[in-house]
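Following: one structure in structure tokens, then a few remarks.
The values are calculated or read from the model by the stated rules, or taken from the named source; none is laboratory data. From a predicted model like this one, the values you see are computed outputs, not experimental measurements. Counting neighbours? That spans all protein chains shown, and the Cβs are built from the backbone with ideal geometry, glycine included. Keep in mind that these areas ignore ligands, DNA and RNA; they rest on the heavy atoms of the full protein, side chains included. Shrake-Rupley method; radii C 1.70, N 1.55, O 1.52, S 1.80 Å.
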Amino acid sequence: SLNDSVRTQGHYSSTTGFLSKLINNLKTSCEYYFNLYKQMVYIAQSRVVIVDGYNLPVSLLKHKKGTKVIQMWHALGAIKKFGYQSIGKVDGINPKMAKILKMHRGYDYVISGSEGMKEYFAQAFDVPKEKVLPIGTPLVDFLKEERSEETKRIYDTYPSLKKKENVLYSPTFRNDKEYNFDELIKNTDFKKVNLIITQHSKVEKQELDKRVICINSDDFSTFDILKVCDYVITDYSALMVDACIINKKILLYTYDYEKYDRNNGINIDFKKEFPSLNYDDAATLMKIINEDKYNMKEYKKFQKKYTPQIKKTSTEEIMNLIYKCLDC
């Protein structure tokens, strides 16, 4: 909640409103304050520090000589702009706040999910491209694991998923809370496919059509749900990269493309580069699925460019980097 207050500072009409939100989160702020001391102790005792997001002590403090910091970002792709790419935008962080917090400073290496994402990760973390290693994270290997027990548990809980093709709609978080669920539902041929919808954990759950399979993220992870899907519909989420790693067909529902690009920013111009994967209206998008007219050639092009192309497993690559840092 403290992080949300800082990140969404620009959405408050006045400084008073922003400060009121911080005061309401006072308990969380105090708990985090004391937690910082624990983090500082561990960092001081470590030769290698790995983070998967912004961390105050890592970026703000000066560390002992020889300590190496690896930013292993929690997403394999940078479809939407973030970090330094979106500073000053409506949905980005305030430039003054970024400077005060020394946002994403102090990294020796940044891990990206592919060669095609290197440039975007370098921009987002404001580091030279040479510091960005396109080796993927252990998530790549996790996605490729069989995990048959979890798959069986999903089928046991939702037996209808065995009977038709399964279509997952999992949009990214939006401040305006507009997800256009109804448009997709209205254009779904439920005789041919199952429509699965996952709603973001930060958003109050909406009541949807009873024919829709709404899966709670507390019961099953999105990564496990991916395994039972044939199509994955998303928008500006790195979930599309995760889906491609395990050969799930992706379609992008970008009904607010111009608005999102203006308020947050998008790294990949889907309309030019992947027009057959990108749609701004639900009727045309669902027609691709209902009539089985998917463009596999364009999908393979995206897959080759934006998923890891490495000889070893991503976990091996990460471990080799850690050992290299320990030997410095």
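Go through (1) touching a residue at least 24 places away in the same chain (Cβ under 8 Å); (2) part of a helix (DSSP H, G or I); (3) surrounded by fewer than 15 Cβ atoms within 10 Å (Cβ to Cβ) one by one and return the number of the condition TYR84 breaks. Among (1) touching a residue at least 24 places away in the same chain (Cβ under 8 Å); (2) part of a helix (DSSP H, G or I); (3) surrounded by fewer than 15 Cβ atoms within 10 Å (Cβ to Cβ), the lone unmet condition for TYR84 is (3). Residue count for region 237-279 satisfying the condition of being among the charged types (D, E, K, R), open to solvent by 40 Å² or more (accessible area, probe 1.4 Å) and part of a loop (DSSP other than H, G, I, E, B): 1.
Per the listing LYS102, LYS89, the residue uniquely open to solvent by 50 Å² or more (accessible area, probe 1.4 Å), assigned to a loop (DSSP other than H, G, I, E, B) and without any contact (Cβ under 8 Å) to a residue 60 or more places away in the chain is LYS102. For region 55-68, the criterion of being surrounded by 19 or more Cβ atoms within 10 Å (Cβ to Cβ), closer than 21 Å to PHE173 by Cβ, touching a residue at least 24 places away in the same chain (Cβ under 8 Å) and not basic (Lys, Arg) is satisfied by no residue at all. From the list PHE142, PHE173, the one residue that fits, being closer than 21 Å to CYS244 by Cα, in contact (Cβ under 8 Å) with a residue 24 or more places away in the chain, open to solvent by 50 Å² or more (accessible area, probe 1.4 Å) and assigned to a helix (DSSP H, G or I), is PHE142. For GLU298, are the conditions met, namely being without any contact (Cβ under 8 Å) to a residue 12 or more places away in the chain and assigned to a helix (DSSP H, G or I)? Against the criterion (without any contact (Cβ under 8 Å) to a residue 12 or more places away in the chain and assigned to a helix (DSSP H, G or I)), GLU298 does not qualify.
Given the structure, is VAL127 under 21 Å from ALA243 (Cβ atoms), among the β-branched types (Val, Ile, Thr) and either modelled with pLDDT of 95 or more or open to solvent by 50 Å² or more (accessible area, probe 1.4 Å) (or both)? Here the answer is no, as VAL127 does not meet what is asked. Against the conditions (1) more than 29 Å from ILE289 (Cα to Cα); (2) of a type outside the set (A, V, I, L, M, F, W, C); (3) open to solvent by less than 50 Å² (accessible area, probe 1.4 Å); (4) touching a Pro at 6+ places or on another chain (Cβ under 7 Å), ASP108 satisfies every one except (4). For region 209-235, the set of residues classified as outside any helix (DSSP H, G or I), out of contact with any Leu (no Cβ under 8 Å at 6 or more places or on another chain) and of a type outside the set (Val, Ile, Thr) consists of ASP209, LYS210, ASN216, SER217, ASP218, ASP219, PHE220, SER221, ASP230, listed by residue number. PHE302 fulfils the conditions (1) among the aromatic types (Phe, Trp, Tyr); (2) under 21 Å from the mean Cα position of the chain (by Cα); (3) closer than 30 Å to GLN45 by Cβ except for a single criterion, (3).
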